[in-house]
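First up is the structure itself, then whatever we jot down about it.
The values are calculated or read from the model by the stated rules, or taken from the named source; none is laboratory data. All values reported here derive from a predicted model rather than from experimental measurement. Here the Cβ is made from the backbone with ideal geometry for all residues, glycine too, and neighbour counts use every protein chain on show.
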Amino acid sequence: MSKTLNFLRVGAVALICASPALAQDTPTADTIVATVNDTKITLGEMIAVREALPDQYKDIPSKVLFESILEQLVQQTTLAQTLGGDLPRIVQFTLENEKRALLATKALEDFVADREITDEELQALYESQFAQQNNGMEFNASHILVASEQEAIDLIATLEGGADFAELAKEKSTGPSGPSGGELGWFGMGQMVQPFEAAVAEMAAGDVSAPVKTQFGWHVIKLNDSREIEAPSFEETREQLVGEAQEKAVRDYIAELSAEAAIDQSGAVDLDPEILKRSDLLDDATVQD
């Protein structure tokens, strides 16, 4: 969308129009708030504009917002009338796409609103995702990475002589964690390469390993700490689980509808995907409004 049209669509809410709203005892969505030549602008159209605004615009004082939306619609109507009733193809197809998207969104909102997520569903999700987490371990380790086994042996001797592990890592390690003293932070099983992981699993807090070879080089590892992985409680994960249950329900619902629908995509089979770049195809005609 061009900067000019974007201004008219969104930026116009910052304008203040001096024209007062038409007073009526019982306004409805069909209440006419303005006309531009023979084109009517209704209260329903104004409300729809407000509903589509980002939340920060909805916080604008009501009088300012009302006048700004009205001015926006008047400006847009005035510009639209310069086309003389001709509807460019790009506008036609864009309107169809927006209509389809809005209807689909409304259908999903209705589906989600009508479908209750039960505690049984949430408990089943919780058990499948978090129940086993208490069976694992996490480790906090540091390491010094060097190119040869002899370098690793020499480092171990230096550490046994009282050297500080972090300072030695900063000085000697060739790995990316070297500048931070070799710290790797917390990690679980399956997150480190073998045999690095196997060595850590056998260590006690404070231990320094013998040289460990991986595809990256030779490691001297220090285990800083270890702990059992504790699963979050059901209540802590409830909001996340509700979201996941709703997403699954929506996916299943769409799959069910698709399975029942008569869908024929044969017209797309022989098309080159590059055809999507042919925006010139939208410039060859207009349709009468």
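Data overview
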read-out: Selected residue (criterion: surrounded by the most Cβ atoms within 10 Å (Cβ to Cβ)) from residues of the range 38-64 that are touching an Asp or Glu at 6+ places or on another chain (Cβ under 8 Å) and not small (Gly, Ala, Ser); value: 43
read-out: From 177, 148, 173, 142, residue being touching a residue at least 60 places away in the same chain (Cβ under 8 Å) and within 18 Å of residue 224 (Cβ to Cβ); value: 142
read-out: Test: residue in the range 8-31 that is at pLDDT below 90, touching a Ser or Thr at 6+ places or on another chain (Cβ under 9 Å), buried (at least 16 other Cβ atoms within 10 Å of the Cβ) and among the β-branched types (Val, Ile, Thr); value: yes
read-out: Residue identified as hydroxyl-bearing (Ser, Thr, Tyr) and in contact (Cβ under 8 Å) with a residue 12 or more places away in the chain among 266, 226, 233; value: 226
read-out: Members of the range 65-92 that are farther than 16 Å from residue 36 by Cα, aliphatic (A, V, I, L, M) and either surrounded by 17 or more Cβ atoms within 10 Å (Cβ to Cβ) or in contact with a helix residue (DSSP H, G or I) (Cβ under 8 Å, 6 or more places away or on another chain) (or both); value: 65, 90
read-out: Residue match in the range 229-245 (condition: under 30 Å from residue 169 (Cα atoms) and either surrounded by 11 or more Cβ atoms within 10 Å (Cβ to Cβ) or at pLDDT 90 or above (or both)); value: yes
read-out: Candidate set from the range 115-134 (those that are of a type in the set (D, E, K, R), free of Cβ contacts under 8 Å to residues at least 60 places away in the same chain and not in a loop (DSSP other than H, G, I, E, B)); member that is nearest to residue 238 (Cα to Cα); value: 119
read-out: Flag for residue 137 being under 30 Å from residue 244 (Cα atoms), touching a residue at least 12 places away in the same chain (Cβ under 8 Å) and surrounded by 13 or more Cβ atoms within 10 Å (Cβ to Cβ); value: no
read-out: Selected residue [of a type outside the set (Val, Ile, Thr) and within 19 Å of residue 215 (Cβ to Cβ)] from 152, 163; value: 152
